[in-house]
Amino acid sequence: MDSILQRAADGGRITPEEALLLYTDAPFHALGEAADAVRRRRYPDGIVTYLIDRNINYTNVCVTACKFCAFFRAPKHKEGWAHPMEEILHRCGEAIDLGATQVMLQGGHHPEFGVEYYEDLFSNVKQAYPQLAIHSIGPSEILHMAKVSGVSLEEAILRIKAAGLDSIAGAGAEMLPDRPRQAIAPLKESGARWIEVMTIAHRNGLSSTATMMMGTGETNIERIEHIRMIRDCQDLAVANGYRDDAVETSHQVGGFRAFIPWTYQPENNHLKGRTQATTMEYLRFIAVSRLFFDNVAHLQASWLTTGKDVGQLALHLGVDDLGSIMLEENVISSAGARHRSNLHELIWMIRTAGRIPAQRETLYRHLAVHYTEADDPTDERVVSHYSSIAMPEGGRKNLPLVEVQ
């Protein structure tokens, strides 16, 4: 155990079998210390980043009916909706006013939305707000749009990239191994197909993030298999020298920029919380992920699903990014995630963990480093919203502002 931990802490590669051993049996403090050693070596400046963005859902109509999802409605359901372009652009404008640099445009697998819909969506947003990075959709949506339009995956990716998509979200990964994926999302593509889409995107100059949802009944072995599949995909990106076309420096390797594990939320869905990941399972997995991903630069804590105290603790287990102040989030909050924060609190969480807060943009370039409290932003309107503010009728609704505690 000590030998494996030392090799991983020094930047050496560990096998999936060794990762499983560390996950199940390594002493917690030794595991965390090794993971934090990796973080310190990668980021000796002690900086932990955050982002200001907004998740805008264009529709809740979806044909995949995933058992863990509380957000979707079946086609022709009376509660199904799709926002008009005017509403989406209005929300993008609100986000920019509050300092957002990124939007995540995400929605269900609408039976009528092919590549043409997404070309129109991305091009309109980019034309109206060229300063916004569009970090959006995931492999599932790309497979769906290609099927609706009757085109190849490569053509779909090239077309939406040309329309303005800057980066692909890690959405839809959930659990990549076959058994747990079939159990929770039987109508979705396989994990192998998810990886295939990411590989094609990386090859064509679009980098992405990768995610994992814990707590729906998967085994420890399957959790490790999930990150094994992602690491193998990243090995391919590194070996072939895939670049992110959005980055000017030629040495920037594309592929996966960050890994973001999060925990299943149990409300208003078919799984009903029968199985969930514990806080300790999550924290141990965070540490193992930092040791396992010798080829993925960043590790993000999901305070939105685990809570701010757990998110801050994760900063001592290899995490270098605390995610975002989401000005809007509808999907996870529909399933019961009620954690919220504001910009001042997120910065406080980073600073009191002994780190230096820095606002970043999509590709992790620093926009502002807050070395002292005098460097901190002063906009008290920047708060996250755990509850949905999507309106079924598509009418406008300004962001509600709350007082900062």
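The values are calculated or read from the model by the stated rules, or taken from the named source; none is laboratory data. Just so it is clear, the model here is predicted, and its values are computed rather than measured. Cβ atoms come from the backbone with ideal geometry, glycine included; neighbour counts cover every protein chain shown.
Scanning the stretch 369-378 for residues that are surrounded by 13 or more Cβ atoms within 10 Å (Cβ to Cβ) and either among the β-branched types (V, I, T) or under 14 Å from I52 (Cβ atoms) (or both) yields a count of 4.
What number of residues in the stretch 182-207 are closer than 15 Å to E218 by Cα and more than 18 Å from the chain's Cα centre (by Cα)?
Keep residues of the stretch 182-207 that are closer than 15 Å to E218 by Cα, which gives 182-186, 191.
In the following step, the residues that additionally are more than 18 Å from the chain's Cα centre (by Cα) were identified as 182-186.
Selection size over the stretch 182-207: 5.
Of everything in the stretch 141-178 that is touching an Asp or Glu at 6+ places or on another chain (Cβ under 6 Å) and closer than 18 Å to W194 by Cβ, the residue that is surrounded by the most Cβ atoms within 10 Å (Cβ to Cβ) is M175. When G99 is tested against (1) touching a helix residue (DSSP H, G or I) at 6+ places or on another chain (Cβ under 9 Å); (2) farther than 24 Å from I350 by Cβ; (3) surrounded by fewer than 19 Cβ atoms within 10 Å (Cβ to Cβ), just one condition goes unmet, and that condition is (2).
Which one of these is modelled with pLDDT under 95, closer than 24 Å to I137 by Cα, surrounded by 16 or more Cβ atoms within 10 Å (Cβ to Cβ) and not small (G, A, S): T209, T263? Quick ask: steps written out before the conclusion?
Working: T209 fails: modelled with pLDDT under 95.
The unique qualifying residue is T263.
How many residues, within the stretch 178-198, are in a loop (DSSP other than H, G, I, E, B) and closer than 16 Å to I227 by Cβ?
Looking only at the stretch 178-198, we keep the residues that are in a loop (DSSP other than H, G, I, E, B), and these are 185-190.
Within this subset, residues satisfying the condition of being closer than 16 Å to I227 by Cβ are none.
Number satisfying all stated conditions: 0.
Yes or no, residue by residue, for (1) of a type outside the set (D, E); (2) at pLDDT 95 or above; (3) within 17 Å of I160 (Cα to Cα); (4) crowded, with 18+ Cβ neighbours inside 10 Å:
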site	(1), (2), (3), (4)
N55	yes, no, no, yes
T59	yes, no, no, yes
A65	yes, no, no, no
E86	no, no, no, no
A95	yes, no, no, yes
H110	yes, no, yes, yes
S123	yes, yes, yes, no
A128	yes, yes, yes, no
Q131	yes, yes, no, no
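Restricting attention to the stretch 268-314, the residues that are closer than 19 Å to Y50 by Cβ, in a helix (DSSP H, G or I), of a type in the set (A, V, I, L, M) and modelled with pLDDT of 80 or more add up to 4.
Count of the stretch 34-53 residues, restricted to those that are of a type in the set (A, V, I, L, M), at pLDDT 95 or above and assigned to a strand (DSSP E or B), is 2.
Take L346 and decide whether it is under 24 Å from L283 (Cβ atoms), buried (at least 22 other Cβ atoms within 10 Å of the Cβ), modelled with pLDDT of 80 or more and in contact with a Pro (Cβ under 8 Å, 6 or more places away or on another chain).
For L346, the condition - under 24 Å from L283 (Cβ atoms), buried (at least 22 other Cβ atoms within 10 Å of the Cβ), modelled with pLDDT of 80 or more and in contact with a Pro (Cβ under 8 Å, 6 or more places away or on another chain) - is met.
Which one of these is of a type in the set (S, T, N, Q) and within 23 Å of I200 (Cβ to Cβ): Q131, Q106? Answer to the check: Q106. A single entry from K188, K161 fulfils the requirement of being over 27 Å from I286 (Cα atoms) and basic (K, R): K161. Taken as a whole, the condition of being in a strand (DSSP E or B), more than 29 Å from A30 (Cα to Cα) and modelled with pLDDT under 85 applies to I325. Sub-7 Å Cβ pairs linking a first residue in the stretch 1-30 that is buried (at least 16 other Cβ atoms within 10 Å of the Cβ) to a second residue that is in a helix (DSSP H, G or I) and among the aromatic types (F, W, Y), at least 6 apart or interchain, are I14/F292; A19/F292; Y23/F285, ordered by first then second residue. For the stretch 169-188, a residue qualifies if it is of a type in the set (G, A, S) and either farther than 22 Å from Q106 by Cα or at pLDDT below 90 (or both), and the qualifying residues are A171, G172, A183, A185. On inspection, A70 qualifies as of a type outside the set (S, T, Y) and within 19 Å of the chain's Cα centre (by Cα).
Within the stretch 54-64, restricting attention to residues that are of a type in the set (A, V, I, L, M, F, W, C) and not in a loop (DSSP other than H, G, I, E, B), which residue is farthest from L363 (Cα to Cα)?
Kept after step one, since they are of a type in the set (A, V, I, L, M, F, W, C), are these residues of the stretch 54-64: 56, 61-63.
With not in a loop (DSSP other than H, G, I, E, B) added as a condition, the list becomes 56, 61.
Details: I56: 20, V61: 30 Å.
Once the filter is applied, the top-ranked residue is V61.
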